[in-house]
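The values are calculated or read from the model by the stated rules, or taken from the named source; none is laboratory data. Bear in mind the structure is a predicted one, so any value in this text is a computation, not a measurement. Using ideal geometry, Cβ is built from the backbone for each residue, glycine included, and neighbour counts are taken over all protein chains shown. Keep in mind that these areas ignore ligands, DNA and RNA; they rest on the heavy atoms of the full protein, side chains included. Shrake-Rupley method; radii C 1.70, N 1.55, O 1.52, S 1.80 Å.
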Amino acid sequence: MSKQKIQAPKGVSEYTPPRSAAFEFVREALISPARLAGYQLIELPVFEDTELFTRGVGESTDVVSKEMYTFEDRGGRSITLRPEGTAGVMRAVIEHGLDRGQLPAKLWYSGQFFRAERPQAGRYRQFYQVGIEAIGLDDPAIDAEVIAIADAGFKSIGLSKYRLEITSLGDAASRAAHRVDLVKFIATMNLDEATAARATLNPLRLFDDKREEIKQAMLKAPLLVDYLSPESKTHFAQVTHYLDSLGITYVLNPRMVRGLDYYTGTTFEFVHELLGAQSGIGGGGRYDGLMAELGGQSLSGIGFGLGVDRALLAAEAEGIINEDLFVSDLFIIPLGEDAKVKALSLATQLRSHGKNVEIAFGDRALKGAMKGADKSGARYVIVLGDSEISSGTLELKEMKTGATSSVKIDALLTALSK
RNA sequence: GUGGGCGUAGCUCAGCUGGUAGAGCACUCGGUUGUGGUCCGAGAUGUCGCGGGUUCGAGCCCCGUCGCUCACCCCA
């Protein structure tokens with residue numbers, strides 16, 4: 001632990017073996033339902049013009065006002081490491097005209113995002129999300145499908161101890177009308193300075209306050225759902241109807257608060273029960289004004305972002321990560337120089353058929369090499385020495401049972417495929 | 001930005017009211033010739049986060065500093 005030792009920057013998540021295998025499994029599980037639903041990959045830069053986020057996400061949000069990694073590049077441009085995914089996708093959709101073809105445009109992404117927050121359990125400065133966006137369709141059925149895709153992702157990991165919370169933020173006019181009354185209500189509350197300042201920025205925030213006295217007081221506050229226009233109400237009723245028909249259970253949460261300004265209409269959040277303070281494992285919603293705000297045509301959109309780091313923590317909390325996520329099919333222990341040559345060609349050939357093959361190099365003692373084979377979780381092991389090479393026959397040992405069987409070298413592939 | 005907790009071998013941690021460091025796991029080798037998991041034996045590893053102070057003497061006390069961690073704000 002010398003003073004000069006370089007460490008990872010504060011608050012980044014890193015995944016090293018063997019946990020990295022679980023991370024990979026979780027990320028893949030989260031995104032596969034979207035692929036099956038016809039969403040296509042979009043790969044985007046991790047940094048963007050700062051203005052994309054100030055305009056898209058909203059200057060009044062905490063994300064933009066105090067959590068962005070912003071710097072000037074050598075040309076004097078203001079650059080920001082992406083704090084979320086949707087704004088960048090919208091920018092790319094507009095820039096590449098992806099909204100000119102058949103709608104909706106359906107896209108998925110996966111990657112790291114950055115927020116300069118104080119780290120804590122489940123909250124990192126660099127974190128991983130997978131997400132999807134469906135652009136150009138306001139049919140409530142797609143809202144339900146998007147939610148179902150997220151739910152399927154969590155289910156395919158094996159998660160069960162989470163709940164889906166859902167509400168509608170309505171359209172701009174509904175929100176404006178509600179805000180007037182909510183501000184009036186808050187004015188009667190006698191708040192401390194910091195809280196009052198927060199309420200001025202976004203009065204909805206008070207619904208999320210963790211202090212008991214504020215929670216109590218807010219029970220009487222006017223709710224946005226009571227201000228929804230008939231169109232918004234109908235739309236939302238349709239969404240829940242489709243969810244019901246899918247058998248997806250949800251909790252209506254009219255006090256739900258989202259951190260990004262662009263949400264409209266249907267919004268939802270997946271909350272895990274076994275995590276600490278940072279229990280949101282995914283969330284999303286409609287953003288019907290975002291594309292126009294960023295200079296594109298006026299198209300609606302809906303999407304979600306799922307936290308890979310948090311989903312992994314949730315999976316671990318539920319005890320559903322099993323150790324043998326990574327196993328080799330075969331472990332070869334070569335004895336001597338000729339055997340090494342033979343092992344290399346044998347491994348190469350088997351790998352070309354998709355077999356996972358490891359070789360114990362380094363002339364280790366046989367006992368040590370066997371231990372290595374054991375650790376690797378390999379199903380089979382062979383010791384390859386002069387006698388095997390000259391006879392062309394191997395002793396194939398199944399590690400789990402300890403049983404061995406004689407196999408011709410040429411028949412190894414078929415033996416492994418059994 | 002604010003508050004609490006903690007910093008001792010690769011990992012998890014012990015170290016009594018201050019007398020210059022230990023355990024378990026992991027790792028390497030061995031228990032006679034080419035077969036793992038159990039067992040037994042041997043071995044290697046730390047400037048006890050860093051700097052200063054008190055003291056004859058500090059891992060243990062004091063101050064500072066850096067880092068980690070949990071929580072608040074907020075969020076995936």
List the lysines whose Cα sits under 24 Å from the Cα of A:LYS66, skipping any in the same chain fewer than 8 residues away. A:LYS10, A:LYS210
What is the Cα radius of gyration of chain A over 2.2 N^0.38 Å, N being its residue count? 1.25
HN-Hα J couplings of the range A:84-94 from phi, Karplus 6.51/-1.76/1.60, θ = phi - 60°, integer Hz, Gly and Pro as x? 7, x, 5, 4, x, 5, 4, 4, 5, 4, 5
Tell me the accessible surface of A:ARG310 in square angstrom (1.4 angstrom probe, heavy atoms of protein chains only), to the nearest ten. 50
Taking +1 at the Cβ of each Lys and Arg and -1 at the Cβ of each Asp and Glu, which of A:PRO119, A:THR80, A:ALA360 sits farthest along the dipole of chain A towards its positive end, judged by Cα position relative to the Cα centre? A:ALA360
Contour minus end-to-end for A:ALA172 and A:VAL327, with contour as 0.36 nm per residue of separation and end-to-end as the Cα-Cα distance? 50.5 nm
Helix A:19-36 against the longest principal axis of chain A: what's the angle in degrees, Cα atoms only, rounded to the nearest 10? 60
Stretchable slack from A:ARG19 to A:GLN40, in nm (0.36 nm times residue separation minus alpha-carbon distance): 4.8 nm
Rounded to one decimal in nm, the spacing of the 7 Å Cα→Cβ label points at A:LYS408 and A:LEU201 is 7.5
Using a 1.4 angstrom probe and counting only protein chains, how large is the accessible area of A:ARG82 in Å², to 10? 20
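Which length gain, in nm to one decimal place, applies between A:SER390 and A:GLN112 when the Cα-Cα distance is subtracted from 0.36 nm times their residue separation?
94.8 nm
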Label model pair A:PHE361, A:GLU67: point-to-point distance (7 angstrom along the Cα→beta-carbon line) in nm is 4.5
Of the candidates A:GLY101, A:LEU275, A:PRO45, the farthest towards the positive dipole end of chain A (Lys/Arg Cβ +1, Asp/Glu Cβ -1, centred on the Cα centre) is A:LEU275
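First check a/c for the range A:303-418, with a ≥ b ≥ c the square roots of the eigenvalues of its C-alpha gyration tensor; if it is under 1.5, answer rounded, and if not, answer prolate when a/b is larger than b/c or oblate otherwise.
The shape class here is prolate.
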Among the lysines, select those whose C-alpha is under 29 Å from the C-alpha of A:LYS371, and discard any that sit fewer than 8 residues away in the same chain. A:LYS340, A:LYS342, A:LYS355, A:LYS397, A:LYS400, A:LYS408, A:LYS418
If I model a spin label at A:ALA187 and A:HIS353 as a point 7 Å from the Cα along the Cα→Cβ vector, what separation in nanometres do I get? 8.0
Report, to the nearest 10°, how far helix A:308-317 tilts away from the longest principal axis of the Cα atoms in chain A, using its own Cα long axis and a range of 0 to 90°. 70
